[in-house]
1. For the range 292-326, what are the residues that are among the aromatic types (Phe, Trp, Tyr) and farther than 19 Å from Val231 by Cβ?
2. Only one of these is buried (at least 24 other Cβ atoms within 10 Å of the Cβ) and within 20 Å of the chain's Cα centre (by Cα): Ile99, Ile81. Name it.
3. Might you let me know whether the range 121-136 holds any residue that is closer than 21 Å to Ala165 by Cβ, free of Cβ contacts under 8 Å to residues at least 40 places away in the same chain and either outside any strand (DSSP E or B) or touching a Pro at 6+ places or on another chain (Cβ under 8 Å) (or both)?
4. Go through the range 178-293 and tell me which helices (runs of 4 or more DSSP H), entirely inside it, have 2 or more residues that are over 19 Å from the mean Cα position of the chain (by Cα), modelled with pLDDT of 95 or more and of a type outside the set (Lys, Arg).
5. Before we move on, is Ala144 surrounded by 21 or more Cβ atoms within 10 Å (Cβ to Cβ) and of a type in the set (A, V, I, L, M, F, W, C)?
6. Can you name the residue in the range 301-336 that is more than 15 Å from Lys183 (Cβ to Cβ) and more than 16 Å from the chain's Cα centre (by Cα) and is also surrounded by the fewest Cβ atoms within 10 Å (Cβ to Cβ) among such residues?
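The values are calculated or read from the model by the stated rules, or taken from the named source; none is laboratory data. What you are looking at is a predicted structure, and each value in this text was computed from that prediction instead of being measured. Every residue, glycine among them, receives a Cβ derived from its backbone with ideal geometry; neighbour counts consider all protein chains shown.
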Amino acid sequence: MAFEIIATGHYVPSRRVTNDDLAQTIDTSDEWIRSHTGIGSRHIASEDQATSDLAVEAALNALEQLAPGKAMEAAKTIDLIVVGTSSPDYYGFPSVACIVQEKLKIENAGAFDVVAACSGFVYSLDAAAGMLRGNRKRALVIGADLLTKITDWSDRGTCVLFGDAAGAAILEKTDAPEEGPGKRGLIRTVLGSEGSGASELLCARGGTRDPFKAGETLDKPIHIYMNGQAVYNFAVRAFTDTIERLLEEEGITFKDVKKIVPHQANMRIIRAAARRLKISEDKFFMNIEKYANTSNATIPVALDEYARSGDLNRGDLIMTVGFGGGLTYAGNLIVW
């Protein structure tokens, strides 16, 4: 049996904020942001939108591709919902996946969130495939984040990096071979972590390590903290190591891979990795210029755009690579 992606979808909020827009309120410029990150704009959710709202729209977009005009009916065929997110609707519980399950009226489906930061969608695909080995057939896998709501907008080093979005993929267990000639679907995954770097990228306030105390006055609310240089060094190393490990374990070369769909964190990371790997930047499918870093959503949004571009064909071998807070890293090899 194989675990094949049979549909993809994505959603971005309607509000688009350019670098020039940011420069009206922050000491920055379009030239600085582009030269340091490759970002030109980002989409920001409205005040009344939460992560589950974006996740549902992305899911409906994928379900509509699967069954045009019958998305809600197609939702009834889902047996499992897995959501990778770093910005859930609520602290701790309920999961975003459970809220998605209720909004899509999917009965008798398991639902849970994966917390692996920007590697979350890759982790979620592998987790879903593992759980489909039982009596389940079809999983809805979503990566969604609203990091702009936990961003310190006075910190120009981080606030220019993030945007909001959600991407979805429908994973199905099929009768195609998972190994050997003619193998299809998700054929190999690398998962890894370096908890020694946990303090380099985190939201420090609000958890059980540093909970709210009655009467306490907070200087700042819960915000993302990032040691930019440390995260950059980790990302380039983890990125290249993951790609090389996937190639080595599968016994293939870059020539066998049609495209790499990476986490869209910073163009400089991709360029540095490409130089180390001695491959062209054209090997990567990039859309960071339009959306910025949308964390868990970057890979599924890019995957959907690539799938709809007309360049991705059945039987093509592609790779996904993610890295993020935790610190985590991960990659998939997928036969489309």
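1. Tyr306
2. Ile81
3. no
4. Helices (runs of 4 or more DSSP H) meeting the threshold: 228-250, 267-277.
5. yes
6. Gly310
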